[in-house]
Amino acid sequence: MTQNRRPMPLLAPSLLAADFGNLQAETERLAGSAADWLHCDVMDGRFVPNISFGIPVLQAIHRHAKQPLDVHLMIEEPQHYLSAFRDAGAHNLTVHYEACTHLHRVIQQIKQLGCNAGVALNPHTPVGVLEDVAADLDLVCIMSVNPGFGGQAFIPNTLRKVAALKELLVDCGSSALIEIDGGVTSENASALVEAGADVLVAGSFVFNAPDPVATLAELRAQLAATVGAEEARR
């Protein structure tokens, strides 16, 4: 029946791979594209071995963005900066399990700020660590590369991990979306959706293409066909 159909997976191009010298133009170019969210990777040089951009740059992106900002905090002690990132325009705030000593408290902070609360897991972190907070989450981000740098190769074990996370979320009664971040291309996108992914973050694959908007449109068409084939098999 129609009401039981699976929603279309969301696309979230990662601005980490965009031209930082032309972020306004890059953001405006995506305004009418197939992008559902704009993914913003914030790195502090401590939690990950790289520094990207912070609050002033996020504010600038927000001024020109038409899509919600999906803000991924790859930083230590994120609890100190949540309200500042919300004020800068974050719609989703995702923190790392590995960076939060008091994860439940941080999740509640995010929700109290009016943002969607997400938790990211590094490749070595099992999905079972989320069992006691899964019901409170709006989003779980599975890192399919080691965080810190764009352009890395996709880790194949991610497919098994997505399926395990989907099972955990169902068992916990959680409606959290499963997001995949790192190495996403047209070659693995369908398999990820079939495993249970709801949101695909793509950086280099989109922005290194001759036409990022056309690439997103092609990826959207591919995923629509994947979901359609899934429905036909039921």
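For the reader, a short list of remarks on this structure follows.
- The chain - percent of accessible surface contributed by carbon and sulfur, probe 1.4 Å: 50
- Calculated on alpha-carbon atoms, Rg and Dmax of segment 21-146 in Å: 14.3, 42
- Sparsely packed trypsin sites (Lys or Arg not before Pro) within segment 1-109, loop by DSSP, other Cβ within 10 Å at most 14: R5, R46, K66
- For A164 and A84, a Förster radius of 35 Å and the Cβ-Cβ distance give a FRET efficiency of 0.55, rounded to the nearest 0.05.
- Convex hull of Cα atoms in segment 87-128, direction-averaged projection (nm²): 3.3
- Accessible area of segment 1-72 divided out per residue, in Å², using a probe of 1.4 angstrom: 48
- Set of lysines with alpha-carbon distance to K111 below 25 Å, sequence-local pairs under 8 removed: K66, K166
- Hull-based mean projected area of the chain, where the convex hull spans the alpha carbons, in square nanometres: 12.1
- Given R0 = 25 Å, the distance between the Cβ atoms of E131 and E230 translates into a calculated FRET efficiency of 0.40.
- Alpha-carbon gyration tensor eigenvalues x 5, square-rooted, for segment 15-66, Å: 21, 11, 10
- Looking at segment 45-105, none of the chymotrypsin sites (Phe, Trp or Tyr not before Pro) sits in a DSSP loop with at most 13 other Cβ atoms within 10 Å of its own Cβ.
The values are calculated or read from the model by the stated rules, or taken from the named source; none is laboratory data. All values reported here derive from a predicted model rather than from experimental measurement. Note that each Cβ is placed from the backbone with ideal geometry, even for glycine, and that neighbours are counted across all protein chains shown. In case anyone asks, the SASA skips ligands and DNA or RNA and just uses the protein heavy atoms, side chains included. Shrake-Rupley method; radii C 1.70, N 1.55, O 1.52, S 1.80 Å.
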